[in-house]
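The values are calculated or read from the model by the stated rules, or taken from the named source; none is laboratory data. Here the structure is a predicted model, which means the values were calculated and not measured. Every residue, glycine among them, receives a Cβ derived from its backbone with ideal geometry; neighbour counts consider all protein chains shown.
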Amino acid sequence: MLNRQRSQDRRYGIERREFLRYLASVSAIPAIALRADGQVTEPPQFNSNPFTLGVASGDPEPDGVVLWTRLAPQPLHGGGMPNEAVQTRWEVSSDEAFANVVRSGTALAMPQLGHSVHVEVDGLKPDRWYFFRFHAGSETSPIGRTRTAPAVDVMPDRLRFAFTSCQHYESGYFNGYPHMQQEDLDLVVHLGDYIYEYAGQDKRPRKHIGNEIESLDDYRTRYAQYRLDETLQETHRLFPWLVTWDDHEFDNNYANLVSEQDGISPEEFLARRMNAYQAYYEFMPLRRRSFPHGPHMKLYRGCQYGRLANFHILDTRQYRTDQPNGDNQKPMIGKALDPQGTMLGSKQEHWLMSSLLQSPSTWNVLAQQVMMAPLNRGEGDDHRYSMDQWPGYEVSRRRLLRFFHERKIPNPVVLTGDIHVNWVNDLQLDFQNPRSPLVGTELVGTAMTSGGNGGNVIPEYERAAAQNDFVRWYNSNRGYVSCELTPTAWTTHFRVTPFVDKPGSPVTTPASFVIKEGHPGAKQA
Ligand code: FE
Ligand code: CA
């Protein structure tokens with residue numbers, strides 16, 4: 001770790017001491033932000049509804065969840081709140097009419113955090129629905145619905161969840177969400193690219209407000225624009241979410257301290273990353289354990305659904321080494337095989353391995369960003385792999401798959417976003433040996449909108465689907481993925497929305513796959 005840090009410092013030609021001083025200075029900011037030394041406005045007066053961004057919940061545990069809201073009468077114009085702390089009240093009820101309130105309390109909406117509110121409720125019962133709402137002054141939020149996780153020692157009959165990623169606003173309407181809302185789900189999992197950082201462009205189905213986002217206000221306005229989408233806001237209102245980010249929550253294809261663009265100093269880069277991470281925390285239903293410290297934020301964490309499923313939520317951006325050989329498609333040689341190359345960073349990798357070893361659950365789910373199966377996209381003998389995905393970190397990738405195999409980790413299922421098309425992949429211990437044992441299964445969700453209408457022929461991917469034996473299915477449409485887990489089988493339905501350039505697409509299910517407990521690899525149902 002130290003050596004790597006030193007070599008990074010050398011690369012940027014800056015003194016390590018200077019760099020550490022910089023980190024210390026930016027890391028102090030959120031500590032100040034947490035102190036409520038401003039005046040508390042009570043009761044607050046609002047000229048218009050402060051709950052424009054709705055409510056959300058997330059990170060469920062058997063005895064509680066995180067409840068979220070944000071006071072923003074003018075969400076696209078800096079929020080429209082006074083620069084003061086505001087008292088809110090919250091209530092959790094077992095019924096939608098709030099006749100039976102089981103927990104309640106107060107929470108401060110702080111100006112330093114954009115008047116967002118994160119409440120970690122405990123004392124709830126496992127595996128059941130609850131309703132919640134916030135009050136500020138005489139205003140009341142919409143009623144949210146959430147669900148706790150089952151008790152850790154119980155084997156539930158089933159778990160249903162949907163996962164999605166990559167919702168570029170300008171590419172279209174979030175047409176999958178209204179259909180997701182109709183499903184009988186316990187949970188929604190988001191694998192990142194929740195926002196995109198780019199400037200607004202004309203002649204697209206929708207338009208980002210403003211330029212490429214860099215300041216804290218820029219990021220806040222971008223999240224507000226996305227969350228004002230009714231279909232997205234409503235899906236947050238109805239289900240608890242487990243979220244992780246990919247690259248576009250900050251900057252395309254970034255790695256650790258390295259920007260996609262050349263010539264950005266680490267100081268500028270980290271200052272922007274601090275803004276991006278803070279806005280992400282502010283808008284997501286995350287626990288205090290994920291509170292950002294300057295340009296650092298710990299998002300990897302676990303979430304257990306009894307003995308049925310264990311989610312290992314990963315962050316493959318913040319700690320990885322720079323993409324080897326450039327971000328593009330390259331042969332798997334040189335730096336791609338560097339034993340120092342890491343996708344997770346050593347701390348996260350150790351945490352993942354120990355939480356897999358201790359997992360009492362039948363299904364071990366890795367909720368993460370980039371494709372793990374080594375997809376050869378080259379032509380003929382010219383084998384090429386994406387250096388932004390796990391094959392660019394081939395030693396890390398092999399170490400993890402060998403770990404699945406040697407330590408007999410029960411039923412690893414890798415969920416992947418990022419790439420805007422669906423893949424179903426067998427994960428082989430050694431992809432160069434056709435007789436190699438299967439050690440896991442990878443389900444790649446397509447984009448909610450990124451890439452536009454879809455269903456088109458993408459020659460590179462058609463070729464890749466044909467020439468990689470581990471690929472079980474490929475699809476270029478937009479949509480989301482719906483999963484039903486039982487103690488004996490995992491059934492996946494791939495949902496497709498045929499268009500996203502207008503609202504109101506129907507939904508189809510072009511394929512369903514089943515993974516049998518104890519038998520890695522998915523079979524078409
Ligand atoms: Fe994306
Ligand atoms: Ca991405």
Here are some conditions: (1) within 26 Å of residue 162 (Cα to Cα); (2) free of Cβ contacts under 8 Å to residues at least 40 places away in the same chain; (3) of a type in the set (Lys, Arg). Residue 397 meets all but one. Which one does it not meet? (2)
Quickly run through the range 233-260 and pick out the residues that are of a type outside the set (Asp, Glu) and within 16 Å of ligand 2 (Cβ to nearest atom). 243, 244, 245, 248, 250, 252, 253, 254, 255, 256, 258, 259
Of the conditions (1) more than 21 Å from the chain's Cα centre (by Cα); (2) part of a strand (DSSP E or B); (3) not aliphatic (A, V, I, L, M), the single one that residue 125 does not satisfy is (2)
Looking at (1) at pLDDT 95 or above; (2) within 16 Å of ligand 1 (Cβ to nearest atom); (3) touching a Lys or Arg at 6+ places or on another chain (Cβ under 8 Å); (4) not hydroxyl-bearing (Ser, Thr, Tyr), which is the one condition that is false for residue 238? (2)
Complete set of residues in the range 363-379 that are in contact (Cβ under 8 Å) with a residue 60 or more places away in the chain, outside any loop (DSSP other than H, G, I, E, B), surrounded by 21 or more Cβ atoms within 10 Å (Cβ to Cβ) and away from ligand 1 (no atom under 16 Å from the Cβ): 363
Residue list for the range 413-440, restricted to those being surrounded by 24 or more Cβ atoms within 10 Å (Cβ to Cβ) and more than 16 Å from ligand 1 (Cβ to nearest atom): 414, 424, 425, 427, 440
Go through (1) farther than 20 Å from residue 367 by Cα; (2) charged (D, E, K, R); (3) assigned to a strand (DSSP E or B) and name the single condition residue 495 misses. (1)
Per the filter on the range 282-302, residues in contact with a Ser or Thr (Cβ under 9 Å, 6 or more places away or on another chain) and in contact (Cβ under 8 Å) with a residue 40 or more places away in the chain are 282, 283, 284, 285, 293, 294, 295, 296, 299, 300, 301, 302
Do any residues in the range 415-426 that are among the acidic types (Asp, Glu) have Cβ atoms under 6 Å from those of residues that are part of a loop (DSSP other than H, G, I, E, B) and within 13 Å of ligand 2 (Cβ to nearest atom), where the two are at least six apart or on different chains, and which pairs are they? 418/246; 418/369; 418/370
Note on residue 141: of the conditions (1) hydroxyl-bearing (Ser, Thr, Tyr); (2) under 29 Å from residue 316 (Cβ atoms); (3) away from ligand 1 (no atom under 15 Å from the Cβ), unmet is (2)
Matching residues in the range 190-211 (more than 16 Å from ligand 2 (Cβ to nearest atom) and not polar (S, T, N, Q)) number 11
Among the residues of the range 90-97, are any more than 24 Å from the chain's Cα centre (by Cα), closer than 20 Å to residue 282 by Cβ and not in a loop (DSSP other than H, G, I, E, B)? yes
Unique residue being more than 30 Å from residue 100 (Cβ to Cβ) and outside the structural domain of residue 481 (by TED's automatic domain parsing) when the list is 124, 191, 113: 113
Quick one: is residue 207 on the phi > 0 side of the Ramachandran plot, surrounded by fewer than 23 Cβ atoms within 10 Å (Cβ to Cβ) and at pLDDT 95 or above? no
Test set (1) within 16 Å of ligand 1 (Cβ to nearest atom); (2) more than 17 Å from the chain's Cα centre (by Cα) - residue 228 fails condition number: (1)
What do you reckon, is residue 382 closer than 29 Å to residue 456 by Cβ and either within 16 Å of ligand 2 (Cβ to nearest atom) or free of Cβ contacts under 8 Å to residues at least 12 places away in the same chain (or both)? no
Let me confirm something: among 450, 436, 386, which residue is among the small types (Gly, Ala, Ser) and more than 26 Å from the chain's Cα centre (by Cα)? 436
Please indicate, with yes or no, whether at least one residue in the range 258-278 is buried (at least 21 other Cβ atoms within 10 Å of the Cβ), among the acidic types (Asp, Glu) and modelled with pLDDT under 95. no
From the option list 184, 262, 217, 247, single residue qualifying as of a type outside the set (A, V, I, L, M), touching a residue at least 40 places away in the same chain (Cβ under 8 Å) and part of a loop (DSSP other than H, G, I, E, B) is 247
If you scan the range 313-335, which residues turn out to be modelled with pLDDT of 95 or more and acidic (Asp, Glu)? 315
For the range 198-225, which residues satisfy the criterion of being under 15 Å from residue 77 (Cβ atoms) and of a type outside the set (Ser, Thr, Tyr)? 209, 210, 216, 217, 218, 220, 222, 224, 225
Residue count, the range 447-477 (criterion: in contact (Cβ under 8 Å) with a residue 24 or more places away in the chain and assigned to a loop (DSSP other than H, G, I, E, B)): 13
